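The values are calculated or read from the model by the stated rules, or taken from the named source; none is laboratory data. Bear in mind the structure is a predicted one, so any value in this text is a computation, not a measurement. Here the Cβ positions follow ideal geometry from the backbone for every residue, glycine too, while neighbour counts run over all protein chains shown. To get the accessible areas, we keep the full protein, side chains included, count just its heavy atoms, and leave off ligands, DNA and RNA. Shrake-Rupley method; radii C 1.70, N 1.55, O 1.52, S 1.80 Å.
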Amino acid sequence: MTLATVAVLIPVAVDRPYTYEAPSALELAAGDVVVVPLGPRHVLGVVWDEPVEDIDRHRLRAVADKLDGCIPGDMRRFVDWVADYTLSPRGMVLRMVLRVPEAFGPEQPQQAVRLAGPAPDRMTPARRRVLEVAADGLARAKSALAAEAGVGVSVVDGLFKDDTLEILEIDPTPPVALPDPRHSPPALNRDQAKVAASLRDTGSGGNFSVTLLEGVTGSGKTEVYFEAVAAALAAGRQVLVLVPEISLTAEFLERFEARFGARPAEWHSQISGKGRERVWRGVAAGTIRVIAGARSALFLPFPELGLIVVDEEHDAAYKQEDGVIYHARDMAVARGMIGRFPVILSSATPSVESRANAARGRYAHLALPDRFAGALPEISAIDLRVDGPERGRWLSPPLVAAVEETLEAGGQALLFLNRRGYAPLTLCRACGFRFECSNCSAWLVEHRFRRELACHHCGHREPRPERCPNCDAEDSLVPCGPGVERIAEEAASLFPEARGLVLSSDLVGGIAELRSRLDAIERGKVDLVIGTQLVAKGHNFPHLSLVGVVDGDLGLATADPRAAERTFQLLQQVTGRAGRMTAGGRGMIQTFDPAHPVMQAIVSGDREGFYTRELESRERHGLPPFGRLAALVVSARVREVAWNRARQLARAAPAATEIRVLGPAEAPLAVVRGRHRYRLLVKAARSADLQGYLRNWISSIGAPSGGARVSIDIDPVSFL
Ligand code: ADP
Ligand code: ZN
């Protein structure tokens, strides 16, 4: 008798499934989540639908158990596809799917508590409050009861001992109610209605397509893509709305609820263990119909996915830079292709790649040229060579005057500087010593509110000393250049009456604190916002009428081939926050180079001109989307080890007519977390098989020694 065997992919750094004996009692089928022995351990795995390897049957080990849950066929093909495209081991991609191991056991019933007996002998004010809440006889989760009564859980626990409360088990409530596509359709204006009709067709059709939805900020893109969501829901499909993590605000959830009568389920890094488990189960069971989530939501096991919307599709936050290096926008398109359903990419400032795909007819292109309410802001440049601030100050007289005017008129103003902390560099006036990170080749950034110097690359922090560590001089340390904290300080001295608020990703209190600050801005409880690029991300600030960009040139001073595109997008997005709901919004950009094509395009509102020029220049240089790029970063603790490995790699690069290998060159960030880094850049024609070339090349050079690592980044976004 021959043994039945199965291929099982395991979430570790291997590319091929392993072969196991399949006990007939388990009735295994492709997609089943199983437990298998691996060395001395037992690990999770998924039955993969491919032929098993021919191995020695006597050494075969058996699948130990089958769990709840199934990874649908489309999802398995997606794992294969992502691994193939990014050159990652398939096991590592599967790992992103199996991140919620709790979801595979039987679901625990929820425990609830309810009033059962007489009041306890010993009564306290806290106990009385609990009993008042519980008096309605309803069953509640223990923590909910404690929270409602405003007491600690221990007070509730005490009441069990006295038999005043009892515990019962109830079926877990689903995390969200079902959205109703007919709940509250919007009244659209003419442009919107046309686009919405087209999107509705797209959303209800069961075919693969990609649509670029382009419209200025405030034109109603969200409003109209909701119509595609409605159509997909009505057609019985599940929907995924991808958003940059930070854009998933209360405002977005409330808007969704207003349209569909229920919130979408959320998926991002702040969802806790139990919440993640319930969302994972709900998606797998099909009881959750819409997910609004960050990029990792792509790896949820939707059985009936029928539409993905990628909001703010140009956002660099969609690129995952460690582990499996992938771009969520591009993977969303692949997911749609595999699942044969539509994908919508939405942005006010589309990526040059998506624009090119639209121009070539590979993507449909829908446009909303006008704001729904209000008008586009009036943008101007402030020439710092002429109108610059005095030494040691960063806000120019024309900008200060505009802020004053805005505040006097009761409006809200935003000062934008894409740099966290107080100052990007601290040096000693006496000896010239500069504070540098001990792990990275980067200056330490002063964070004055925390009284620290911090490295923005590895997270290293140290207290800001009183004396120079080099020459021991006292009071000799001076900050160089501004960060948002320094701008906030200057603004506070200029506008002492204004209610100011800093918005930056390194706030103590994390995302919860950020959301509450965003909320305060939306509700007009703040007069003057000082923020980093966080403020540019899709938020609706109805009271904002002036945006001042402190350093418009900041993003242009890099060797990054996307510097112009990114600066254009950022400046357009951030100035686009002004006057969203009212007319008379203004954007002012401080720059030393007002003649720069990016500044010109922003000031004159000439988007088409910008995209045309940028596409021409990319084509001339064979850059994406006209050619393809891959970056190889070689790193090691010892500089020579990294350098030698990088040289060895470069020498081993196979000759190919359509592919060139540049480098190695020391990375702009030469050391990160104590690892020395060298970069190679691979430039390929569009028609070349870049992945095949890389696979062939990497496998030809043998295992590294001395702890050297090579990471491969297909379609790199960062060139540091
Ligand atoms: P975008 O996503 O393009 O920035 P939004 O969809 O957020 O634009 O719309 C901007 C603002 O205008 C929102 O407050 C939205 O509620 C409002 N709005 C847009 N279209 C309509 C409409 N047809 N009816 C009512 N309000 C609308
Ligand atoms: Zn560092």
> Which FRET efficiency, nearest 0.05, do I511 and S184 yield, Cβ-Cβ r, R0 35 Å?
Replying inline: 0.75
> the range 148-243: which trypsin sites (Lys or Arg not before Pro) are DSSP loop and have at most 11 other beta-carbon atoms within 10 angstrom?
Replying inline: R182
> If you average 1/r over every pair of different alpha-carbon atoms in the chain and take one over that average, what Kirkwood value in Å do you get?
Replying inline: 28.7
> Label A141 and H621 with points 7 Å out from Cα along Cα→Cβ: what is the distance between them in nm?
Replying inline: 5.1
> Hey, if you put +1 on the Cβ of every Lys and Arg and -1 on every Asp and Glu Cβ in the chain, which of V153, A652, I325 ends up farthest toward the positive end of that dipole?
Replying inline: A652
> On the accessible surface of the range 110-170, probed at 1.4 Å, how many percent belong to carbon and sulfur atoms?
Replying inline: 52
>> Per residue of the range 359-364, what does 6.51 cos²θ - 1.76 cosθ + 1.60 with θ = phi - 60° give for ³J(HN,Hα)? Whole Hz please, x for Gly and Pro, Karplus curve as stated.
In response: 5, 7, x, 6, 10, 6
> What accessible surface, in Å², does a 1.4 Å probe find on W443, ignoring ligands, DNA and RNA and rounding to the nearest 10?
Replying inline: 100
> In the range 225-368, what % of DSSP beta bridges are antiparallel (nearest 5)?
Replying inline: 10
> Using a 1.4 angstrom probe with every protein chain in place, what is the largest-first accessible-area order of E107, E266?
Replying inline: E107, E266
>> For a quick check: with amide H placed at 1.01 Å from N, whose amide H comes under 5 Å from K319's, ignoring anything fewer than 5 positions away on the same chain?
In response: A328
>> What are the ³J(HN,Hα) couplings of the range 8-25, residue after residue, when phi is run through the Karplus curve with 6.51, -1.76, 1.60 and θ = phi - 60°? Round to Hz, x for glycine and proline.
In response: 10, 8, 10, x, 10, 7, 10, 9, 9, x, 9, 9, 10, 6, 10, x, 5, 4
> Along the positive direction of the dipole of the chain (beta-carbon charges: Lys, Arg +1; Asp, Glu -1; about the Cα centre), which of A642, H183, G137 reaches farthest?
Replying inline: A642
>> List the residues, sorted by chain then number, that are 5 or more residues from A62 or on another chain and whose placed amide H is less than 5 Å from its amide H.
In response: E21
>> For L477, what residues show an amide H to amide H distance below 5 Å, using hydrogens built from the backbone and excluding near sequence neighbours?
In response: R429
>> 7 Å from Cα along Cα→Cβ at both D65 and E640: what's the point-to-point distance in nm?
In response: 5.2
>> With both bridge residues required to lie in the chain, what share of the DSSP beta bridges run antiparallel, to the nearest 5%?
In response: 55
> Given a cut-off of under 8 Å on Cα pairs at least six residues apart, what relative contact order in percent is computed for the range 190-368?
Replying inline: 36
> Counting alpha carbon pairs within less than 8 Å and at least 6 residues apart, what relative contact order, in whole percent, applies to the range 336-460?
Replying inline: 10
> Per residue of the chain, what 222 nm ellipticity follows from adding -39500 (n - 2.57) for every DSSP H run with n ≥ 4, rounded to the nearest 500?
Replying inline: -9500 deg cm²/dmol
> Which value in nm describes the separation of the simple spin-label points at S438 and L253, placed 7 Å from the Cα toward the beta carbon?
Replying inline: 4.1
>> So, taking all protein chains as they sit and a 1.4 Å probe, how much accessible area belongs to E390, in Å² rounded to tens?
In response: 140
>> Just to check I understand the Karplus step: with θ = phi - 60° and J = 6.51 cos²θ - 1.76 cosθ + 1.60, what whole-Hz values come out for the range 136-143, glycine and proline as x?
In response: 6, x, 6, 8, 9, 4, 4, 5
> Considering only protein heavy atoms, what is the solvent-accessible area of T287 at a probe of 1.4 Å, reported in Å² to the nearest 10?
Replying inline: 80
>> Relative contact order for the range 408-522: what percent, with Cα pairs under 8 Å and sequence separation of 6 or more?
In response: 26
> With all protein chains present and a 1.4 Å probe, how do H676, H456 order by accessible area, largest first?
Replying inline: H456, H676
> Which is farthest toward the positive dipole end of the chain among H460, S24, F256, measuring Cα position about the Cα centre, with Cβ charges +1 (Lys, Arg) and -1 (Asp, Glu)?
Replying inline: S24
> What fraction of the DSSP beta bridges in the range 5-104 is antiparallel, stated in percent and rounded to the nearest 5?
Replying inline: 95
> For the chain, with only Lys/Arg (+1) and Asp/Glu (-1) charged at the beta-carbon, what is the dipole magnitude about the Cα centre, in debye rounded to 20?
Replying inline: 1260
> To the nearest 20 debye, what charge dipole does the range 627-714 have about its Cα centre, counting +1 at the Cβ of each Lys and Arg and -1 at the Cβ of each Asp and Glu?
Replying inline: 220
> Which value, in debye to the nearest 20, gives the size of the charge dipole of the range 601-647 about its Cα centre, when Lys and Arg are +1 and Asp and Glu are -1 at the Cβ?
Replying inline: 460
> When the accessible area of the range 190-368 is split by element with a 1.4 Å probe, what percent falls to carbon and sulfur?
Replying inline: 47
> Quick one: ranking S209, S635 by accessible area, 1.4 Å probe, largest first, what do you get?
Replying inline: S209, S635
> How about the chain: what cysteines have no other cysteine beta carbon under 4.7 Å from their own?
Replying inline: C70, C458, C480
> Given the Cα-Cα distance of D519 and E404 and 0.36 nm per residue of separation, how much length would full extension add, in nm?
Replying inline: 39.0 nm
